[in-house]
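The values are calculated or read from the model by the stated rules, or taken from the named source; none is laboratory data. It should be emphasised that the depicted structure is a prediction, and the values quoted were computed from it without experimental measurement. Neighbour counts are summed over all protein chains in view; Cβ atoms, including those assigned to glycine, are modelled from backbone coordinates with ideal geometry. Accessible surface is based on the protein model in full, side chains and every heavy atom, while ligands, DNA and RNA are left aside. Shrake-Rupley method; radii C 1.70, N 1.55, O 1.52, S 1.80 Å.
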Amino acid sequence: MAEQPELSQADYRRRSRRSLLTGGAAAAAGLLGWRWVQTQPADNRIPGVLRNGHEFNENLWSALFRENHQAASFPRSDASILRVNGRIGIREEIDLANWQLDVIGPEGNNLGQHTLADIQALPFHDMTIEHKCIEGWSQVTTWGGARFSDFLGLYQDQLPDNISHVQLDTPDGDYYVSVDIATMRHNQTLLAYQMLDQPLDDAHGAPLRLATPIKYGIKQIKRIGRIQFLQTRGADYWGERGYDWYAGL
Amino acid sequence: MHWINFPLITIMIWSGLRIYWAEDVYAFGIGSWEWFHWFPDWFYESLDLDRRLARGLAFHLNFAWLFAINGLVFGIYTWRSGEWRELVPSRNGLRNAWGVLLHDLRLRKQAPPKRGRYNEAQRITYSLVIGLGALALISGFAIYKPTQLSFLTWALGGYGSARLIHFCVTIAFMAFFVIHILQVARAGWQNLTSMVTGYELQPEPSNAPVDPDGTDPAQTILVEAEAQNG
Ligand code: HEM
């Protein structure tokens with residue numbers, strides 16, 4: 001007991017009382033703080049402070065992000081057909097033969113239109129990566145397609161320098177994601193039209209979807225109908241429903 | 001800091017389980033026969049953990065910073081103040097701890113000797129819990145940013161295994177909470193006040209009256225508060 005000072009009864013009582021008071025005050029402050037967080041006005045369905053926290057995290061991790069950060073690759077033999085989780089935005093049948101991709105500038109101006117053949121004409125890349133779902137499962141699969149950065153190259157001259165986000169929508173507009181430009185430029189971000197060397201089927205987002213291991217699955221939109229370059233954050237289906245806008249991995 | 005840990009870890013467990021609800025994959029069993037599924041439905045329902053993934057994440061990934069900062073301050077303090085010496089188990093600690101266990105289960109009358117503030121069972125447990133906290137932090141960041149912090153993810157055997165570790169840590173924390181609270185409850189009110197104040201009244205061998213001025217060193221070792229307060 002060498003380090004513990006010995007106390008008199010009166011001293012002990014005084015200390016107990018003081019500890020009880022500070023302890024009680026701290027507990028009360030904690031509870032009030034907790035109530036305060038819970039009753040904050042909501043910002044896109046979560047308490048405002050937590051939304052600010054998400055944005056703090058986004059600023060931090062995107063500032064630390066470097067182009068050469070690579071998500072782990074896996075042997076081809078580990079890959080399997082991805083589990084199907086979401087159908088929002090792809091519930092209606094579409095005529096694949098008539099599908100086309102609209103490209104739109106920051107002012108809402110039409111920049112171009114593409115068929116699948118146009119995308120397939122860009123250099124082909126494939127990757128075997130771990131797909132991660134925000135709900136808590138992950139699976140290794142192989143994507144094949146064009147790098148978004150190559151696609152971006154087609155439009156570079158027509159775009160202002162300060163593009164910060166790309167918003168992608170399904171043809172029916174039911175599902176939409178906004179992704180920061182650093183992620184879109186990353187060499188593991190593909191406009192994918194193949195899974196395990198086969199053309200995408202409907203449930204996996206035929207004819208063209210986004211695939212990137214540095215975002216959760218919620219950002220990897222299926223059946224892209226529209227791509228818009230933005231100077232602001234844009235709209236995001238799950239972000240508006242309480243999730244983190246960044247959703248980076 | 002001890003008292004900040006408790007609500008913080010509770011919040012981390014609570015929000016973590018809201019995340020886990022969205023995809024509760026871990027179960028014990030053989031083949032398709034499932035003996036125990038983490039967790040049964042009644043568990044989620046009774047704690048309001050279901051259908052709250054987005055909110056769970058919002059709490060989890062923001063309070064993670066508070067948990068990390070508090071853990072860091074706690075670590076630095078324990079190290080700088082030399083208090084870690086109170087926590088390091090000794091070489092024959094296991095035997096002593098076994099004695100404590102038998103004593104606690106009332107299978108043995110005599111409590112094994114304490115060395116300093118904590119007995120060996122406490123030393124082992126508290127050291128493990130601190131390790132657990134560190135593991136929660138490391139595995140948490142490993143599944144939070146597996147690309148940017150890929151060395152952490154790799155060190156824990158990949159994303160899937162880091163996630164399993166993260167979950168096991170949660171279960172271990174929950175088990176520790178239950179046992180810790182039971183033990184403190186059993187040790188009695190006196191012990192609880194000493195946990196809060198950081199000081200403990202030593203039971204005095206004889207019933208000699210106490211000098212209220214506390215001048216006589218032999219008598220400043222106090223008798224139990226209850227006995228005194230009559
Ligand atoms: C006492 C500390 C902690 C406890 C008890 C805890 C508990 C949990 C639990 C139970 C889950 C769900 C596991 C699953 O679905 O497989 C989880 C997920 C997670 N935790 Fe923690 N955690 C703690 C600290 C941390 C820290 C410090 C971080 C660091 C950022 C963190 C980051 C994460 C992430 C990123 C997920 C997965 C989110 C998702 O996949 O959507 N955790 N945690």
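Descriptive notes on the structure:
- Summing +1 for each Lys or Arg and -1 for each Asp or Glu among the other residues whose beta-carbon sits under 11 angstrom from that of residue A:191 gives 0.
- Working note: Karplus 6.51/-1.76/1.60 with θ = phi - 60° gives the range B:61-72 the couplings 7, 8, 5, 4, 5, 4, 4, 5, 5, 4, x, 5 Hz, where Gly and Pro are set to x.
- Label-point separation, residue B:175 to residue A:233 (7 Å along Cα→Cβ), nm: 4.2
- Taking each residue as 0.36 nm, the span from residue A:42 to residue A:14 lengthens on full extension beyond its C-alpha to C-alpha distance by 5.7 nm.
- Those residues of the range A:229-249 for which accessible area with every protein chain present is at least 20 Å² below the isolated value (1.4 Å probe): A:243, A:248, A:249
- The phi-based Karplus calculation (6.51 cos²θ - 1.76 cosθ + 1.60; θ = phi - 60°) puts the 3J(HN,Hα) values of the range A:36-42 at 4, 4, 5, 9, 4, x, 6 Hz, whole numbers, x for Gly and Pro.
- With a simple spin-label model that places each label point 7 Å from the Cα along the Cα-to-Cβ direction, the separation between residue A:21 and residue A:102 comes to 6.9 nm.
- With a 10 Å cut-off around each Cβ of B:53-64, the average count of Cβ atoms from other chains is 6.
- Viscosity 1.567 mPa s, 4 °C: Kirkwood-radius Stokes-Einstein D of the range A:12-163 over Cα pairs, µm²/s: 60
- Computed over chain A: relative contact order in percent, which uses C-alpha pairs under 8 Å that are six or more apart: 21
- Förster-model FRET efficiency, 51 Å R0, residue A:63 and residue B:185, C-beta, rounded to 0.05: 0.60
- Charge dipole of chain A (Cα centre as origin; +1 on each Lys and Arg Cβ, -1 on each Asp and Glu Cβ, all else neutral): 1380 debye, rounded to the nearest 20.
- If R0 is taken as 41 Å, the Cβ-Cβ distance between residue B:78 and residue A:115 corresponds to a FRET efficiency of 0.05.
- Carbon-plus-sulfur accessible fraction, the range A:89-163 (probe radius 1.4 Å, protein heavy atoms only): 42%.
- Take the Cβ atoms of residue A:150 and residue B:23, set R0 to 25 Å, and the FRET efficiency comes out at 0.15.
- Charge context of residue B:138, other residues only, Cβ under 13 angstrom, K/R +1, D/E -1: +2
- Counts of other chain beta carbons within 10 angstrom of each beta carbon in peptide A:11-18 average 4.
- For chain A, adding -39500 (n - 2.57) for each run of n ≥ 4 DSSP H residues and dividing by the number of residues yields -8000 deg cm²/dmol at 222 nm.
- Residues along the range A:122-145 losing 50 Å² or more of accessible surface when the other protein chains are present rather than the chain by itself (probe 1.4 Å): A:135, A:136
- Residue by residue along A:23-36, Cβ atoms of other protein chains within 10 Å of the local Cβ number 1 on average.
- Packing here is the average count of other Cβ atoms within 10 Å per residue, and on that basis the peptides A:58-64, A:136-142, B:53-59, highest first, run B:53-59, A:136-142, A:58-64.
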